[in-house]
Amino acid sequence: MASVNLGMPAAPAPTLAPRRKTRQFNVGSVGVGSDSPISVQSMTTTKTHDIGSTLQQIAELTAAGCDIVRVACPTDKDAEALPIIAKQSQIPVIADIHFQPKYVFQAIEAGCGAVRVNPGNIRKFDNQVKEIAQAAQEHGTSIRIGVNAGSLDPRLLEKYGKATPEALVESAVWEASLFEEHGFRDFKISVKHNDPVVMVEAYRQLAAAGDWPLHLGVTEAGPAFQGTIKSATAFGALLSEGIGDTIRVSLSAPPVEEVKVGSQILESLNLRPRKLDIVSCPSCGRAQVNVWELAESVSAGLEGMKVPLRVAVMGCVVNGPGEAREADLGVASGNGKGQIFVKGEVIKTVPESEIVPTLIEEANRIASEMEARGEFVPDDAAPEVTVK
C-alpha cells in the first residue's frame with residue numbers, strides 16, 4: 001500500500017553536532033554566525049578593474065550556489081571599480097586587501113559588504129584599527145580578519161619558529177581584541193594553513209578562545225583533486241564539531257568548481273539542503289553492467305539539476321533493489337536489463353541500452369511535477385550582465 005502524506009512537517013535533517021554558538025552580523029544581505037546557514041564563498045579570478053568580466057564571473061558563481069564573493073584589490077584601478085561591482089553584483093562583495101591600507105577605506109566607501117584584511121602584510125595595520133573600525137561601523141561594513149600561514153607577522157614567526165596553530169591563533173586573537181577595544185564586533189576570523197592538520201587544530205583553539213564567527217579555509221590547497229580532498233577532510237572534521245560559519249574551498253581550478261565542492265561538502269553533512277544526489281555502487285565482481293559508465297552518463301545527463309532528488313544507479317542484485325527502492329528514482333541492473341524504480345515502486349523494465357535515457361527522462365518528469373505542485377522553485381540561470 002502506498003504511503004499517504006498527511007501534511008506533517010518533515011523532521012530536520014540529522015547533523016553530527018549542533019552549531020557552535022557565535023555572535024551574529026551581516027555581510028551585505030547574508031547573515032553570518034550560528035543563527036544563519038553556513039555560507040559558501042569563492043573569489044573571482046578576473047582583474048577587478050575589468051568590470052564586465054568580473055560581474056560576469058560573479059553571475060556564474062551566483063548561479064552555481066555561491067553566497068558571498070571576494071574580489072582582489074591590488075591596484076588603484078581595482079579600488080576605483082569597487083563601487084560599480086558592489087552595486088551590480090547579485091551577492092555581497094568582499095574586497096580583498098593586502099599591503100595598502102588606503103584600499104580598506106576605499107572599499108568601505110564603495111559599499112562592499114565586507115573587507116578582508118590581512119594583518120600580517122598591511123603596513124602599520126594595528127595603528128589604524130581605530131579608523132578602520134569607525135569607518136566600517138558608519139557604513140555598516142563587516143570585516144574578516146584573515147590570518148594566513150604564508151604571511152604571518154614576522155614577530156610571531158620569530159617567537160614560534162614557524163606558523164604553528166598557536167602562532168596563528170595568537171595573531172587572530174590579538175587583532176580581534178584591537179577591534180573590540182574600539183567597540184567594533186562585526187567581524188569573522190580565519191586562520192588558514194596549507195596543512196589540514198595544522199589548520200584544524202588552529203580553528204579548534206580559536207573556537208575555544210571566543211565567540212567569533214569563523215571562516216574556514218585550507219589555503220593553497222592545490223589542484224582540484226588534491227585540494228578537494230584536503231578541504232573535505234579539514235572541513236568535515238571541523239563542521240562535524242559544529243565549528244565554521246562560512247567556507248571557501250581554495251582550488252587551483254575555475255572558481256565555480258570551488259562553489260560546487262563547497263556546496264557538496266555542506267550537503268553531505270546535512271548543513272545545506274540536498275539537491276541532486278547520485279547514489280551508485282562501486283563496481284565489483286558481482287556487477288553485471290558497467291556501473292561506472294552508467295553513473296557517469298546519468299550524472300552528465302542531469303548536470304545542473306537543482307531539484308532535491310536522489311537517484312540510485314545500482315549494478316547487482318545484492319544491494320541494488322533495496323537502494324533503488326529507497327531513492328526517489330533508481331535502477332537495479334543485471335542480465336542486460338534494468339528495473340526502473342520511482343518512489344519505491346517498479347514502473348518498468350528496460351534494456352540496458354535504455355537505462356540512461358529512461359532515468360534522465362523520469363528525473364526531468366519528476367522535477368517538472370514538483371515544480372508544478374509548488375514543491376520546488378528553480379533558481380534563475382545566470383543572467384546576462386550589462387555594465388552601467
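The values are calculated or read from the model by the stated rules, or taken from the named source; none is laboratory data. Note that the structure is a prediction, hence the values are computed from the model and not measured. Cβ sites come from the backbone with ideal geometry, for glycine too, and all protein chains shown count toward neighbours. Side chains are part of the model used for accessible areas, which takes the heavy atoms of the whole protein and leaves out ligands, DNA and RNA. Shrake-Rupley method; radii C 1.70, N 1.55, O 1.52, S 1.80 Å.
Laid out as a table, the results:
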| read-out | value |
| --- | --- |
| For Lys275: the one exception among (1) more than 23 Å from Thr44 (Cα to Cα); (2) among the basic types (Lys, Arg); (3) touching a strand residue (DSSP E or B) at 6+ places or on another chain (Cβ under 9 Å) | (3) |
| Which listed residue is modelled with pLDDT of 95 or more, surrounded by 17 or more Cβ atoms within 10 Å (Cβ to Cβ) and out of contact with any Leu (no Cβ under 8 Å at 6 or more places or on another chain), from Gln56, Gln106 | Gln56 |
| In the range 257-274, the residues that are crowded, with 17+ Cβ neighbours inside 10 Å and either polar (S, T, N, Q) or touching a residue at least 40 places away in the same chain (Cβ under 8 Å) (or both) | Glu258, Val259, Lys260, Gly262, Ser263, Gln264, Leu266, Leu269, Leu271, Arg272 |
| Residue list for the range 96-112, restricted to those being within 17 Å of Phe179 (Cβ to Cβ) and among the small types (Gly, Ala, Ser) | Ala107 |
| The one condition in (1) within 16 Å of the chain's Cα centre (by Cα); (2) in the same structural domain as Ile68 (by the TED database); (3) not in a helix (DSSP H, G or I) that Trp212 fails to fulfil | (1) |
| In the range 63-99, the residues that are more than 15 Å from Lys47 (Cα to Cα), open to solvent by 10 Å² or more (accessible area, probe 1.4 Å) and outside any helix (DSSP H, G or I) | Gly65, Asp67, Ser89, Gln90, Ile91, Pro92, His98, Phe99 |
| Residue pairs meeting the criteria (Cβ under 9 Å; at least 6 apart or on separate chains; first of a type outside the set (A, V, I, L, M, F, W, C), in the range 134-162; second in a helix (DSSP H, G or I) and open to solvent by 90 Å² or more (accessible area, probe 1.4 Å)) | His139/Glu109; Asp153/Trp174 |
